[in-house]
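Here is the structure we will look at.
The values are calculated or read from the model by the stated rules, or taken from the named source; none is laboratory data. Keep in mind the model is a prediction, meaning the values are calculated, not measured. With ideal geometry, Cβ positions are generated from the backbone for all residues, glycine too; neighbour counts draw on all protein chains shown. What goes into the accessible areas is simple: the full protein's heavy atoms, side chains included, and nothing from ligands, DNA or RNA. Shrake-Rupley method; radii C 1.70, N 1.55, O 1.52, S 1.80 Å.
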Amino acid sequence: MPSYEEEYEERAIPPRGPRRKSLMIGINYVGSQHALQGCHQDVSNMQEFLTAMNYPTDQRSQVIMRDDSRTDPRGPFWPNGHNIIAAMQWLVSEPGTTNFLHYSGHGGQVPDDEDNYRSTGLDDTIVPVDFETRGQIRSGDLHHTLVTAMPRNSSLFIIFDCCHSGSAVELPYVYRSDSEGNVSMLSNVKMGIQLVSEASNLIQGGYGMNSIREGEHLLAGATSFFRSLTHREEQDQYGLGQAEGFAEEYRDEGPRSVFMYSGCRDDQTSADAAIAGSHVGAMSWAFLESIKQFGTAQSYLQVLQNTRQILQGRYTQVPQLSVDAETDLNYRMMI
């Protein structure tokens, strides 16, 4: 069976532009009651993909973190909370760089007792290997580490393959594709939270079209807070439930060039799957399959749609794309 690198060989992007850096994190929680099986393989597959995309593999350009037998638990590449934050700081530390981050592991949610602007009252997290003793890494900390701290002339491309990953980096613009390929966009404006809360609960509840229509009626006074929301009648379940205050929260830091594909909505789990005889994360696999099947010349929008189509019928999770600034998603995806 050909490797990912061989599959991508003819589609590889030639070296160009700024220096490239990459960070890949795969945590199987080996030996614990929370063990996963596919996260180490996800990192190996993603590493092959990045090699085909001409990302350098030298130690000053690429960091791999796994809780496997080849990684020293006392060293800097063991994926505990301290090391993950340090590696993320390293990733975005240099101006004028193109940066790539892949995380495959558990995602979680904890009570939002710090900012209190989430309508759900929960804060999304990623889960380091030492979470039972040192805690989880909150979405706000991820945003400040990866986005706020990144020089404005750099860019960051993220793939998060974990549960509850929809708002894991707190980016203000969220896009989802429905089963027909239609894409809705929601601008996460803090002022709209109070107005849409009741409507969102009705729509999320899935009690039928009457509830959805009632929810839409309640939204009539809140439409000015949304930049755009298309294909609304059938697709609200893919957009409205995720309204949060990130645009308001981070308005003073200015936009960055950040794109994040995540495995599912905040309220969903992300599958650890057995595909073609190998344990992998469903989102990581589907993203790479979209590149293998449709090439690297796809737009951001096409990758989102194709990844959804590949997952559909196999898994219930709905992948999404989050960005830090209003962007024409028809542009070719730049990794």
Practice prompt. At most 15 other Cβ atoms within 10 Å and a DSSP loop assignment: could you name the trypsin sites (Lys or Arg not before Pro) in the range 20-110 that fit?
Written response: Arg60, Arg70, Arg74
Discussion item. Within the range 94-108, list the residues whose amide N lies under 16 Å from a label point set 7 Å along Cα→Cβ of Arg60.
Written reply: 94-98
Practice prompt. Would you grab the residues whose amide H sits under 5 Å from the one on Arg19? Only those 5+ places off in sequence or on another chain, please, with H modelled 1.01 Å from N.
Written response: Thr98
Discussion item. I'd like to check one number: the per residue accessible area of the range 49-93, probe 1.4 Å, reported in Å² as a whole number.
Written reply: 50
Fill in: Sequence-distant residues sharing a close amide H with His102 (under 5 Å, placed H)
Leu23, Met24, Ile25, Ile159
Worksheet item: If the chain between His34 and Met334 were fully stretched, how many nm would it gain, using 0.36 nm times the residue separation less the Cα-Cα distance?
Response: 104.5 nm
Practice prompt. Mind listing the long-range amide H neighbours of Leu122? Cut-off is under 5 Å, sequence gap 5 or more, other chains count too, H placed in the peptide plane at 1.01 Å from N.
Written response: Asp112
